[in-house]
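Peer 1: A single structure is presented below for examination.
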Amino acid sequence: MASDPPATEKLAPYRRKRNFSRTSEPEGEVGDTEPAAPAPAGRRFVVQRHRARRLHYDVRFEIDGVLVSWAVPKGPTLDPAARHAAFHVEDHPIEYIDFEGVIPAGEYGGGDVIVWDAGTWEPVKTRLDPATAVARGELQAELYGSKLRGRFVLVRTGADSGGKEHWLMLHKRDDFAVPGWDPEQHPRSVLSGRTNDEVLADPDRMWRSDLPAAEASIALKDPASGRPSADELAALEELPASGGHWEVFGRELKVTNLDKVLFPGSAEHQPVTKREFLRYTAQIAPVALPYLAGRALNMHRYPQGAGSKGFWHKELPDWAPDWLTRWQNPDADPGETRTYLVVNEPAALVWAANFGALEWHAWTSMVDRPQQPSYALIDIDPGGSTSWQDVLVLARLHRTAFEHLGMLARPKVTGRRGIQIWVPITRGPSFAETRRWVEQLSKTVGAVVPELLSWKWEVRDRAGKARLDYTQNAINKTLVAPYSARPAPGAPVSMPIGWEELDDPELRPDGFALRTVPQRIAEKGDLFRPLLGTDQTLPRLG
Ligand code: MN
């Protein structure tokens with residue numbers, strides 16, 4: 001949504017406080033003609049507990065592509081009797097919204113930061129747009145966070161001689177008000193469950209404020225349990241073609257047929273051997289784990305390689321190692337799969353890869369409540385005459401829809417021809433309710449471009465048109481997991497992307513391959529990470 005002034009100008013004070021002279025890179029993602037990438041989910045907010053020279057909470061609202069920010073020394077509170085001083089500080093780049101980690105001492109804001117709360121918000125007095133409301137000195141916002149709920153008011157009280165704006169932050173007396181509520185009694189991150197002390201002791205990320213915003217968040221290590229060591233990877237290389245025992249992530253795995261070609265070559269791609277696939281799996285497992293853990297895994301096996309016919313393998317064999325987590329499906333009918341693999345540690349995914357599971361499909365529900373999905377999925381499924389441009393049109397329409405709804409969602413390319421959109425939801429609604437919601441959303445979006453879509457059940461009845469396949473929202477129906485390879489030459493990977501990448505002319509649905517993914521992760525991090533731990537309900541549509 002374009003607005004005045006564009007995000008480029010809004011971030012000027014932020015940039016002035018930082019030294020970009022050390023890099024010749026363009027500053028952030030802001031293009032010449034467009035403001036910063038549109039918000040993926042409309043209006044988000046974050047509260048970061050920031051121990052810099054002094055402890056304070058940074059309360060940031062997503063408005064027109066930037067984070068409009070206040071520093072609140074005592075923090076936001078649900079106590080309606082409290083009026084806490086707030087200082088309007090410069091807008092921050094949107095990339096900072098999920099930053100948790102350390103800022104080097106001596107740099108602007110040097111210290112440690114946790115994502116103390118996050119969620120969505122909506123302006124209460126809609127007579128003014130939020131940017132104008134802030135400019136006029138009063139923002140009323142309904143917050144939908146994990147800790148902060150209900151109506152908050154930020155109101156300007158004046159400015160000091162240095163021009164620093166003084167505001168107050170307070171909570172209205174509504175259903176969410178809690179007398180005496182103290183933010184310091186709720187000290188843990190909603191992202192990691194950690195305190196500032198714990199993050200400082202073992203930070204995952206560092207914010208380099210001297211770099212452009214798109215590059216400023218530097219991964220200090222992989223999420224989850226960390227990457228395989230150089231020694232572990234070297235040991236895999238040294239095993240003979242027939243295989244042997246490989247110790248990785250603290251488990252000893254029997255790996256076999258290491259020089260077998262699993263993914264054929266093509267004009268553009270070298271063939272990929274099983275050894276290479278296992279190495280990739282070990283490298284990606286810590287990143288992919290949050291999307292697999294606690295969920296039954298449907299394995300799409302291609303023991304003879306991607307050039308042959310694959311098959312679904314859901315039942316974990318009896319002879320599988322004891323240390324693998326198993327789940328007995330209590331609702332399995334006779335003849336149906338009863339015992340599923342649950343990838344609760346990185347080594348379990350390596351085991352599945354050696355077993356010939358080229359594709360990983362985790363359930364969208366978790367094993368403790370299998371009837372309640374934790375993701376709503378939108379599957380843009382191209383037909384025979386659907387062009388990539390058509391797929392992008394459909395994906396961008398969904399981007400606009402989620403922005404409008406103020407919901408957090410993230411796209412990924414499938415590694416074949418399509419795009420999926422993953423929407424985290426707080427568990428509660430059934431698959432049927434979730435499916436109805438996705439159907440309603442997709443039909444609303446689809447009404448904009450009826451010429452691109454068919455709603456016919458059978459492929460042959462669709463006249464080559466695309467389908468928005470809401471029926472995937474069903475128990476034991478799965479879409480390919482993030483970072484899973486697809487059985488095709490060169491091993492394309494189903495890759496999370498940023499919403500702004502939908503506007504990148506270089507983007508291709510199968511443009512990320514096994515050999516290039518580790519480098520991309522090192523550069524961009526895990527773009528699905530913001531989906532984790534999100535408390536989000538499906539709003540009423542229409
Ligand atoms: Mn701060």
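The values are calculated or read from the model by the stated rules, or taken from the named source; none is laboratory data. Bear in mind that the values here come from a model prediction, so they are computed numbers and not experimental data. Positions of Cβ are backbone-derived with ideal geometry, glycine not excepted, and every protein chain shown enters the neighbour counts. Heavy atoms of the whole protein, side chains included, go into the accessibility calculation; ligands, DNA and RNA do not. Shrake-Rupley method; radii C 1.70, N 1.55, O 1.52, S 1.80 Å.
Peer 1: Could you please find all residues in the stretch 485-507 being among the small types (G, A, S) and closer than 15 Å to L527 by Cβ?
Peer 2: So the first thing to find is which residues in the stretch 485-507 are among the small types (G, A, S), and the list is 485, 488, 490-491, 494, 498.
Answer for the stretch 485-507, where residues must be among the small types (G, A, S) and closer than 15 Å to L527 by Cβ: S494, G498.
Peer 1: Continuing with the same structure: Select from the stretch 30-54 the residues that are modelled with pLDDT under 95 and closer than 12 Å to G109 by Cα and write down the one among them that is most open to solvent (accessible area, probe 1.4 Å). Give the derivation first.
Peer 2: If we filter the stretch 30-54 for residues that are modelled with pLDDT under 95, which is where we start, we get 30-44, 51-54.
In the following step, the residues that additionally are closer than 12 Å to G109 by Cα were identified as 51-54.
Working: R51: 65, A52: 34, R53: 237, R54: 192 Å².
Top of the filtered list is R53.
Peer 1: Of the residues A71, A81, only one is within 14 Å of the ligand (Cβ to nearest atom) and at pLDDT 95 or above; which? Let's see the steps before the verdict.
Peer 2: Values: A81 fails: within 14 Å of the ligand (Cβ to nearest atom).
The unique qualifying residue is A71.
Peer 1: How about the stretch 92-145: which strands (runs of 3 or more DSSP E) wholly inside it have at least 3 residues that are of a type outside the set (D, E), more than 21 Å from P212 (Cβ to Cβ) and more than 16 Å from the ligand (Cβ to nearest atom)?
Peer 2: Details: elements: 101-103, 111-123, 138-145.
So the answer is 111-123, 138-145.
Peer 1: Condition (residue is within 13 Å of the ligand (Cβ to nearest atom) and at pLDDT 65 or above) applied to the stretch 6-22: is it met by at least one residue? Break it down into steps so the answer makes sense when it comes.
Peer 2: Within the stretch 6-22, the subset within 13 Å of the ligand (Cβ to nearest atom) is 14, 17.
Next cut, at pLDDT 65 or above only: none.
No, there is no match, as no residue in the stretch 6-22 is within 13 Å of the ligand (Cβ to nearest atom) and at pLDDT 65 or above.
Peer 1: Let me ask something else. Would you say L143 is at pLDDT 90 or above, touching a strand residue (DSSP E or B) at 6+ places or on another chain (Cβ under 7 Å) and buried (at least 20 other Cβ atoms within 10 Å of the Cβ)? I'd like the intermediate steps shown before the answer.
Peer 2: Numbers: at pLDDT 90 or above: yes; touching a strand residue (DSSP E or B) at 6+ places or on another chain (Cβ under 7 Å): yes; buried (at least 20 other Cβ atoms within 10 Å of the Cβ): yes.
Against the criterion (at pLDDT 90 or above, touching a strand residue (DSSP E or B) at 6+ places or on another chain (Cβ under 7 Å) and buried (at least 20 other Cβ atoms within 10 Å of the Cβ)), L143 qualifies.
Peer 1: Filter the stretch 85-96 for residues that are modelled with pLDDT of 95 or more and surrounded by fewer than 20 Cβ atoms within 10 Å (Cβ to Cβ) and give the result.
Peer 2: Answer for the stretch 85-96, where residues must be modelled with pLDDT of 95 or more and surrounded by fewer than 20 Cβ atoms within 10 Å (Cβ to Cβ): A85, F87, H88.
Peer 1: I've got another one for you. Residues that are open to solvent by 60 Å² or more (accessible area, probe 1.4 Å) and over 23 Å from P317 (Cβ atoms): which strands (runs of 3 or more DSSP E) entirely in the stretch 184-299 hold 1 or more of them? Before you say what the answer is, go through the steps one by one.
Peer 2: On the way: elements: 205-207, 217-219, 243-248, 251-256, 261-263.
The strands (runs of 3 or more DSSP E) meeting that bar are 261-263.
Peer 1: Same structure, new question: Among E359, E458, which is open to solvent by less than 40 Å² (accessible area, probe 1.4 Å) and either at pLDDT below 95 or in contact with a strand residue (DSSP E or B) (Cβ under 6 Å, 6 or more places away or on another chain) (or both)? Steps first, answer last, please.
Peer 2: Values: E458 fails: open to solvent by less than 40 Å² (accessible area, probe 1.4 Å).
Result: E359 is the single residue among E359, E458 that is open to solvent by less than 40 Å² (accessible area, probe 1.4 Å) and either at pLDDT below 95 or in contact with a strand residue (DSSP E or B) (Cβ under 6 Å, 6 or more places away or on another chain) (or both).
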